Every structure is written in structure tokens, then in C-alpha cells.
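What follows is a short report on a single structure.
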Amino acid sequence: MSDAELTTPFRQRAGSAMKDEFLQEALTIATTKFIGLRREAFAGFPEGEALRDRARAIKEATLQHLDRHLETLIANVERLGGHVHFATTPAEARSIVVDIARRTGARMAVKAKSMATEEIHLNEALEAAGVTPVETDLGEYIIQLAHERPSHIIAPAIHKTKGQVAELFTRELKRPAEPDPEALTRIARAELREKFLQADLGITGANFAVADTGTVVLVTNEGNGRMVTSLPRVHVAVMGVEKVVPSFTDLMVFLAILAKSATGQKLSVYTSLVQGPRRAGELEGPEEFHLVLLDGGRIAQIGGPLREALSCLRCGACLNVCPVYRQIGGHAYGYTYPGPIGILLTAMLEGAPAVRDLAHASSLCGACVDACPVRIDIPRMLIELRREVDDEKLAPWTERVAFALLTKLLQNPRLYRFAAKAGRVLQRPFARDGRISRLPLPFGEWTRTRDLPPVASRTFQERWASDKDLRA
Amino acid sequence: MTTRAEFLERIREQVRMSPGRSPASSARRPQHPAAEAETIRRELVERWPETLEAFRREFEGVAGVFHRTASIDVVPAIVARIAHERQAREVVTWHSAALGADLAPALGACGLDVHPMPAAEPSGGAERERLRTLAARADLGLTGVDLAIAETGTLVLVSGAGRPRSTSLLPPCHIAVFDRTALVESLRQAGVFLEAWHRDGRPPAGGSAINFITGPSRTADIELTLTRGVHGPKEVHAIFVEQPIRG
């Protein structure tokens, strides 16, 4: 998302998403399908619930000794001949990767889907340095050609129709393309196969890193992760520090629930365990392997209020079940990570003020907690964020005054009873069929998109005082 | 630029000031993974037919094609049939030592152009490039299997000398040959083998990549329409050989 787009207020971004009929249909179809697939996968997997608890406990245990596990990981990666780099900021991470590209004389970089490299806006930096970045996940490839950003963590191009993709391929690749997913996929295969074989640099994220063997783990369905880590002569993996797990035994617990949560598969097609550069006797694999450990706001949360969000596996399950995401899609959030978890990650990476509006883009219904493979309590942290945003007086003054008055009202029974009576009189011109659908300014903003229930003709308090049956 | 010391010190500081909040424990790792892996193998000597059946069900569930044959000698005929049905000729294979048998002569006799990968590292960049081009051009890639996981229908392949990663990746059709010694029941058991290979046991090969392959390459990135063979193989065949391949 460009800065220009971010200057559009969230409300407006969300509003235009809700008016986009195709987007609405695509979102409903995609999220509903993912919900069903996930449900089926866990229904046929009785041990799933216990494994979710174990996965969470492993993440928690790892965070409690994150320093030690990272030291082990670093030692093992280096023992295997890899290089480890440390990036506090996105800018630092970009310059580390760009330096590697320069030093190795790379001209083209093939990339497997990676949220971490989206987060640090790596592609722009590579282009500026004269290195052509090529996204190789089909969804990412499509949005790269369209100069857009992903709208879903695991299905980046769900907002595009096959017709749009066909037009895009015809225009950008100068190849006549039919609006048929099979044919379009064949075109992408041929285009990208060339790139895999030509590229000097392979760039990935990491779904996990196993500390005690120095292993970077990549999960893909297309096989691009394997290509990118096998064919170019240099491999760079960019990974948030929280992705480390202690051992292969721990890794298996996560693999058993990750794909089920994301796409409903028992396992994704390819899980690649990559251990440094190629070894003696090997035909393929990179000559150089680099691991970039990324902070970007994560480290401060190890002891911070967003600590739980460091357990996120980036499966996207919370997006699919979120009533807000289902309405507005990923772009309206305005940052790399959309959906309920995205709000927390954005606060983590960009600071709380960045989510002043987004912190309220949730009904706190808790569907995300149920869907999350590691049961992250997203609503709890959203409430805390709202409080923080309020304390910093980030909310508009009208809202703060309104809530201050409401607080007084709710604390004083006499005032409350008077307000109920007054409301009953004042609402008369607006209440229709048991609801208030339109209020005059300055309250009109509230009723523009929702109804307000009117004050009852007899309030509960009045009934309680006079009606004996109620108390019996 | 952030130094390693600064970076780790900031993490240490945070770790010190954050109390544990929810139940925390990492998975219990096997004490002696090689011994435990051996136990798993021994128990499966009895149970392998059920495990194989479970594997077949899951493997077919992810669009894999399952074959079963009595001995490794029949494998070339099956490979040739698959090739002929696809009007394919070019086959790249793992080295005979990695496959456990030299199938090249028999495959050649079936009219296929067979390119076994060398057991040792190619001597120069040009040779490396030539071999990679062969793999990229081939119609079929023939490999062995280090673990076959019944729970998920997954083939685990360890890279190394004579067993390039590209054989199971670049050709549009991947054929994997295995026997009962590769079978395990679950991801958990596969984890025990991974632990063993890295600690007190012997890994199947010395390469730097272990790939879990669960069916053919797939994507659903265009309108959620499932499409196979986007980057990796469009087809994956698993040939189970009843008589253990290495005798």
C-alpha cells in the first residue's frame, strides 16, 4: 500500500471495499470455503485440540528462553557454513539483503512467498539497487504484475477474477491468455521456470527455524520454495526472531496443525527443511546461505502487552472467520498484515498510534481465538490497544467527550433514570418499527450504517419496581 | 548496523523482565532417538500391511498414483508404461547406489533415454549446468524414498550425493520407489527419525535439504480453482516394492 493510499481514512477504505461487488463476492466465497476446509480437517483429527495446546505451550516455552534458542540456532547455522545477520529495523534488513545481492553480483532474485519480506518492503529496495525481484508464488506473481499488495496472508490474489488475471498476463507478459485457471497457471509455470533457472539469488522467509539443527523450514504448495532454495547460487532467508522452535520434535507438532488451519490440508505439498549451503557431493543447493534475523518491533514485545501475538503462525485462519475481514478484505486494513492478527502485528511493527482506527475494526466476537491454531487471545489485546489509544488521546475529541458523559451517566442511578425518560420523549420523531434508523447530526454518523434500538416504553428498572411477577 | 551482541542483549533483557504467563513446555524429545527409531521399525515389521494401506489411502487422497509390485526388477516396466502413456522418453534418475538398484540398463532396454545422476560431485560448473539442464528437460524423474508417512501420504527425500533435489522437482512427473523399511505411521514417528539422523543415528545421506512431498505441486491462487503442476511435478507416483530393495 502506498503512503498516498494510507492517507485515505480507514473508514473510507473500508467503505469502498464494501461497495466493490466483486470483492464482496470473492471474499464470501473464499473465506467460507477456507472455514469449511479447516473445520473438516480438524473434525477428522481428534488429537488436534490437544496438539493446539501443545503448540501454544511450545511457543510460550520458547519465548521464555528466546535468547538461548537463538544463540543455538545461530551457532548451528554457522557450523553448517551459513552466515547470520541481525536487523533491528526494516531499513537495516533491506540493506543487508541488498549488500548480499551486490557483493554476489546478483541481477535477478526469485522470491518464495514471505510476509517478512513484504513487511520490510524488500522488492522496492532491490529494484532501486538494480536487482530484479520476481515473486514466484502464483498469487504473489499476479499481484506483483498488477503492482498491488496481497489481500490475504495465504491467498494473496483472492480479490482478482480469472478474467482480470488473463488481461493482466496478456498485457504484461505479451502472451494471449484465456481466462482459464489451468491455462493461466501453465503460462506462469513457463515464465517462472525460466526465471528459476536464471536467477542468481533466492529469497525466502521462514515458517520455522529449528534451533538445535540450524534448519530453516519452508512450507509451500507450489514447489517454488524448493526451486528458490535449490537452484540459485545464493539463498537468503529473512525471518522474524519469534519463528524459532527448539527441536524437530517440536516442529512436528506445528506441522500437524499448520496446514489444517490454513487450507484444510493434512500437510502442505512441500515442507522443505533447509540446512545451510550445499554440501560436498551435492549437485544443487546454494553456494552461500544467509539468515537475516529481524526485530522490527518484535523484541520489545517479548515483555510487552502484545507478547501473545509473537506465537502467530501466519496461517490466516483468523482472517477467514472475522466478520470485519469478511466484509472489507485485506487491502482496507492498509498494512502488510490484514485481519484481526494483522491489527496486532501492525501495532507491534508500526507502533500503537498506527492502529488508532484499526483497533476498533473488530466486533470482539472471539471467532478468531477459536480458529487460531495456538489460541491467541486477540480480542483481549485489541481491548488493551483501544485503552492505550484512548489514553494517548488518539480518539477524536467528540468521541472522548461522549464516552466521558456516558461514564458519568452509568455511575449515577438518578441521572440514568432521567436520561431514559428523556430519551423516550426525544426518540419519538425517529423511532420506526421498533428501531431508530436515522438520527440527526451529530449522531447521524452512528446511524448511517446501523440501527439503534429505541428506549423501551417501560424500562427494566420500572418493571422491576412495579411488577411483582418479574421478581417471583 | 546492529551487532550480534547488541541484538542478543536486547532479547536477553526482555526475556529477563517477562514472567511466564501461560503453560509452557517444549515437546519431550526422545532420549536416544536412534534406539527409538529402531523400535518403531521393529514394531512395523508386524504392522506394515496396515500402515501401507493407510499410506495408500492418504497418498491417493492427495492425488498421488500408487503402484505395488513384487520386486525391484519389475519397476523398470512400470516406469516404461508410465512413460509410454505420456509419450515421454527422457528419464533422470538418482544414482543406483541411492536407489538401491541399477535400473538404467532395464529402463534403456524399454526404449527410454536414461540419465542417472553421478554419485560424486560434478567436477566443474559446466558439468553441473549440463546435469541441471538434463533434469529441467526430462519428462520423468525417478527417485528413492527415505520415509513414507502414512498419516499424511508424504514422501520424505533427503538430498545428497547421487540424489539431487531436482530429480523430484523439475520433471513434470515424479516417480518414487520405496519398500517397507521406509514406512512410518505418523508425523510424530517421522520426527523421531529426523532427531535420530541429526544425533545418534546415521542419516540416509549427507545433503543439506530434506523435503517432505505430499502429492503433486498445486495452487488455488486463481479464484480458488485447484490446479496441479504449477512449479513442481504435475504427477507423483509411488511404487511400493514388496521385497525389500536392499535385500
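The values are calculated or read from the model by the stated rules, or taken from the named source; none is laboratory data. Computed from a prediction, not measured in an experiment: that's the story for all the values here. Reconstructed Cβ throughout: ideal geometry from the backbone, glycine too, with neighbour counts over all protein chains shown. Surface areas here come from the heavy atoms of the whole protein model, side chains and all, with no ligands, DNA or RNA. Shrake-Rupley method; radii C 1.70, N 1.55, O 1.52, S 1.80 Å.
General remarks:
- C-alpha long axis of helix A:181-198 to longest principal axis of chain A, angle in °: 50
- Residue A:421 sits with roughly 110 Å² accessible to a 1.4 Å probe, with DNA, RNA and ligands left out of the calculation.
- Distance from segment A:284-346 to segment B:86-120 (C-alpha centre basis), Å: 45
- When the solvent-accessible area of the protein assembly as shown is split by element, carbon and sulfur atoms take up 54 percent of it, the probe being 1.4 Å.
- Relative contact order (%) - segment A:53-296, alpha-carbon pairs under 8 angstrom, separation at least six: 28
- Ratio Rg/Rh [Cα only; Rh per Kirkwood] for chain A: 1.04
- Inter-chain neighbour count for A:282-292: the average number of beta-carbon atoms from partner chains within 10 Å of each residue's beta-carbon is 5.
- For A:223-232, mean number of other protein chain Cβ atoms within 10 Å: 6
- Using a Gaussian network model of chain B in which every pair of alpha carbons under 10 angstrom is joined by a spring, one finds that among B:59, B:212, B:193 the greatest mean-square fluctuation is at B:212.
- For segment B:162-238, the fraction of C-alpha pairs farther apart than 20 angstrom is 47 percent.
- Buried area at the B:A interface is about 7600 square angstrom, summed over both chains, from accessible surfaces computed with a 1.4 angstrom probe.
- Chain A: relative contact order in percent, alpha carbon pairs under 8 Å with at least 6 residues between: 18
- Formal net charge of residues neighbouring residue B:200 (Cβ-Cβ distance under 14 Å; K, R +1; D, E -1): -1
- Degrees separating the helix B:33-61 axis from the principal Cα axis of chain B, which is the longest one: 60
- Residues of segment B:195-213 buried by at least 40 Å² of accessible area upon assembly of all protein chains, compared with the chain on its own (1.4 Å probe): B:195, B:198, B:208, B:210, B:211, B:212.
- Probe 1.4 Å, protein heavy atoms only - accessible area per residue of the protein assembly as shown in square angstrom: 42
- Ranking by accessible area, most exposed first, for B:48, A:464 with a 1.4 Å probe: A:464, B:48
- Cα long-axis angle, helix A:90-103 against chain A (0 to 90 degrees, to the nearest 10): 20
- Across segment B:95-178, counting alpha-carbon atoms alone, Rg and Dmax equal 13.1, 42 Å.
- The listed residues A:443, A:10 rank as A:443, A:10 when sorted by accessible area, largest first, using a 1.4 Å probe.
- Ranked packing of B:125-132, A:244-251, most packed first, by mean Cβ within 10 Å: A:244-251, B:125-132
- Only Lys, Arg (+1) and Asp, Glu (-1) charged, at Cβ; chain B dipole about Cα centre in debye: 560
- Rounded accessible area of residue A:212 (nearest 10 Å², 1.4 Å probe): 40
- Rounded to 5, percent antiparallel among DSSP beta bridges of segment B:142-226: 65
- Within chain B, the proportion of Cα pairs with more than 34 Å between them is 27 percent.
- Segment residue A:103-residue A:197, extension gain: residue separation times 0.36 nm, minus the distance between their alpha carbons: 31.8 nm
- Solvent accessible area, Å² - residue B:38, 1.4 Å probe, full protein context: 100
- Unsatisfied cross-links (Cα-Cα over 27 Å) in the set A:19/A:160; A:59/A:160; A:195/A:243: A:59/A:160; A:195/A:243
- Peptide A:176-185 has a mean of 4 when you count, residue by residue, the C-beta atoms of other protein chains within 10 Å of its C-beta.
- Restriction of the GluC sites (Glu not before Pro) in segment B:193-247 to DSSP coil positions whose beta-carbon has at most 16 other beta-carbons within 10 angstrom yields B:242.
- Applying a 4.7 Å Cβ-Cβ cutoff to the protein assembly as shown leaves A:312, A:315, A:322, A:365, A:372, B:110, B:173 as cysteine residues with no disulfide-compatible partner.
- Counting DSSP beta bridges with both ends in the protein assembly as shown, the antiparallel % (nearest 5): 35
- Within the shell defined by Cβ-Cβ distances under 11 Å, the residues around residue A:67 carry a net charge of +1, with Lys and Arg each +1 and Asp and Glu each -1.
- Average Cα contact separation per residue, segment B:32-241, under 8 Å, 6 or more apart, as relative contact order %: 29
- Top positive-direction residue, dipole computed over segment A:47-194 with Cβ charges, set A:83, A:108, A:146: A:108
- Relative packing of A:402-415, B:152-165, B:110-123, which averages over residues the other C-beta atoms within 10 Å, highest first: B:152-165, B:110-123, A:402-415
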